[in-house]
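Note sheet for the following structure.
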Amino acid sequence: MVRFDAKAFHMAMDQQRLTRALTWRQVAAETGVSAATIARTRTGGRMEVDGMLAMVAWLGVPVETFVRGTPERQGGGE
């Protein structure tokens, strides 16, 4: 099963925010994502793909950085 590690994602966002001495509102303005959406990352809440991709781009890392697990095989046979 593949899952997005929202906790690691939020920690990376927070570290980048602190490194750049920004508020969460400033991060929201820079990413084009609402502050409420960013706040949901802290609790592991669901995110829209576009918003998540915008925040990952802001971090400057590949989205795979936050993907855990392996994809399940489809079809069930070899």
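The numbers here are math on the coordinates, done by the rules we state, and not lab data. Just so it is clear, the structure is predicted and the values come from calculations on it, not from any experiment. No Cβ is skipped: glycine too gets one built from the backbone with ideal geometry, and neighbour counts run over all protein chains shown.
List of remarks:
- Annotation for the stretch 33-73: GluC sites (Glu not before Pro) lying in DSSP loop with at most 12 further Cβ atoms inside 10 Å of their Cβ are 48, 72.
- Using the Cβ of residue 38 as centre and a radius below 15 Å, the other residues enclosed give a net charge of +3, where K and R count +1 and D and E count -1.
- Evaluated over the stretch 3-60, the Cα radius of gyration and Dmax, each in Å: 10.1, 30
- Karplus-based coupling profile of the stretch 53-61, in residue order and whole Hz: 5, 5, 6, 5, 4, 4, 5, x, 10, with θ = phi - 60° in 6.51 cos²θ - 1.76 cosθ + 1.60 and x standing for Gly or Pro.
- Computed from phi, the 3J(HN,Hα) profile of the stretch 20-26 under the Karplus parametrisation 6.51, -1.76, 1.60 (θ = phi - 60°) reads 8, 6, 10, 8, 5, 5, 5 Hz, with x in place of Gly and Pro.
- Trypsin sites (Lys or Arg not before Pro), loop per DSSP, at most 16 other Cβ atoms within 10 Å - longest free stretch of the chain: 47-72
- Selected from 54, 66, 24, residue furthest toward positive end of dipole (the chain; charges at beta carbon): 24
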